[in-house]
Amino acid sequence: MSVRAYGFVQVGGPEQESFLDVAVPEPGPAELLVRVRAAGVNPGDWRLRDGSYGDLRSAVLGREVAGTVLKLGSGVTGFAPGDEVFGGCPGMVGGWAEQALVTAGFAAHRPDGVSPEAAAVLSVAAGTAYDALNQFDLPEGATLLVNGAGGGVGVPILQLARLRGIRVIGTASPAKHDLIAGLGAIPVSYGDGVLDRIRAAAPDGVDGVFDLVGGEALRTVAALAPAGRLFSVADKPLVKELGGRDVARDRSNRVLAELAQLVAAGQLDPHVTEVRPLSEAGEALALVERGHAWGKVVLVPG
């Protein structure tokens, strides 16, 4: 038996993307098979396709899903067929499909009041934001600079930082200033003079720098970070060169459960702004790849 999926047939540009008929995956040890109800779209999807993560012959795209449990792999406890869950997909077996695998250790039950679309986008972006804040370990009243605050990871970290009493300055294009201010942060424009604008907003300096842009934008703000308080998820080689580091992911069900409870309580809004059927997966990925998506993009069956 096969299921419909969307992925690529070899690394390269969007022309390598295709709908695929793939065998229904069999859950291995510590895996769940789910009927997909929603799947997140992330920059990592097009980076996988373009070869940034290695020269793969083909893969189904999608790193995070929400769905209904159909079958348990050996050794799985705490879940049962029929449960509504969300979490991360293992390896190269992606979630842009009618049925998909989820890593049981990086899955959680979806609470009542949290939609499949909202739950589906918590594993990657919101999870990264949560883990980054834990590794910064900033006290209440500290100031965090988020470089590129209007994107998929920026939006949750602004909200999570505010819940911890951390003051945030976020660089972004002027078009996203209202969004950033609405999430309780201080917006600052990119471009020439950005360091002067950051220093005006934080005359006593910042206690950490979290980069979501990379390249010269990262290089420009890196010197503002105290020792040990520079992280980037956008440019791992450069942040290492500059004395910073990548965010180490927790990828545990505890993190996912806490994020879902924050959504249920109205304290975290994943900002799902585009919901498209699986039949429009190519268009959805193009939105993210071009940087034209506001908020999170989600695929649903159809």
Whole-Hz couplings from phi, Karplus 6.51/-1.76/1.60, listed for region 28-44; x for Gly and Pro = x, x, 6, 10, 10, 9, 10, 7, 6, 9, 6, 9, x, 10, 9, x, x
Among 96, 46, what's the order by accessible area (1.4 angstrom probe), most exposed first?
-> 46, 96
Can you sort 136, 19 by 1.4 Å-probe accessible area, starting with the largest?
-> 19, 136
Farthest toward positive dipole pole in region 221-302 [+1 Lys/Arg, -1 Asp/Glu at C-beta], among 288, 244, 302 | 244
Mind checking which of 94, 128, 108 is farthest towards the positive end of region 83-142's charge dipole, using Cβ charges of +1 (Lys, Arg) and -1 (Asp, Glu) about the Cα centre?
-> 94
Could you tell me the accessible area of residue 177 in Å² (1.4 Å probe, neighbours in place), rounded to the nearest ten?
-> 40 Å²
For residue 115, distant residues with modelled amide H under 5 Å away = none
The chain: calculated mean residue ellipticity at 222 nm from DSSP helix runs of at least 4, using -39500 (n - 2.57) = -7000 deg cm²/dmol
Suppose every K and R has +1 on its Cβ and every D and E has -1 on its Cβ; what is the size of the dipole of region 80-217 about the Cα centre, in Debye to the nearest 20?
-> 220 debye
Could you tell me which of rounded, prolate or oblate describes region 136-258, using a ≥ b ≥ c as the square roots of the eigenvalues of the alpha-carbon gyration tensor, with rounded for a/c under 1.5 and, failing that, prolate when a/b is larger than b/c and oblate otherwise?
-> rounded
Calculate the dipole size of region 39-150 relative to its Cα centre from +1 charges on Lys and Arg beta carbons and -1 charges on Asp and Glu beta carbons; express the result in debye to the nearest 20.
-> 340 debye
Starting from the residue with the highest accessible area, list 220, 128 in decreasing order, probe 1.4 Å.
-> 220, 128
Solvent-accessible area of residue 9 with every protein chain in place, 1.4 Å probe, in Å² to the nearest 10 | 80 Å²
Mind checking the per residue accessible area of region 194-302 for me, 1.4 Å probe, whole number of Å²?
-> 49 Å²
Among all the lysines, which ones have a C-alpha under 27 Å from residue 296's C-alpha, if same-chain residues fewer than 8 places away are not counted?
-> 176, 236
Quick one: what are the phi-derived ³J(HN,Hα) couplings along region 155-171, Karplus 6.51/-1.76/1.60 with θ = phi - 60°, whole Hz, x for glycine and proline?
-> 4, x, 5, 4, 6, 5, 5, 4, 4, 8, x, 9, 7, 10, 10, x, 7
List every residue whose amide H lies under 5 Å from the amide H of residue 232, counting only residues 5 or more places away in sequence or on a different chain, with H placed 1.01 Å from N in the peptide plane.
-> 211, 245, 246, 247
Cα centroid separation - region 122-146 against region 248-285, whole Å = 16 Å
Roughly how many debye, to the nearest 20, is the charge dipole of region 85-166 about its Cα centre, given +1 on each Lys and Arg Cβ, -1 on each Asp and Glu Cβ, and no other charges?
-> 100 debye
For residue 276, which sequence-distant residues (separation of 5 or more, or a different chain) have an amide H within less than 5 Å of its own amide H, given hydrogens modelled in the peptide plane?
-> 298, 299, 300
Hey, any idea what % of the chain's accessible area is carbon plus sulfur with a 1.4 Å probe?
-> 51 percent
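The values are calculated or read from the model by the stated rules, or taken from the named source; none is laboratory data. Not measured: the values here are computed from a predicted model. All Cβ positions, glycine included, derive from the backbone under ideal geometry; neighbour counts span all protein chains shown. All accessible areas refer to the heavy atoms of the entire protein, side chains included, with ligands and DNA or RNA removed. Shrake-Rupley method; radii C 1.70, N 1.55, O 1.52, S 1.80 Å.
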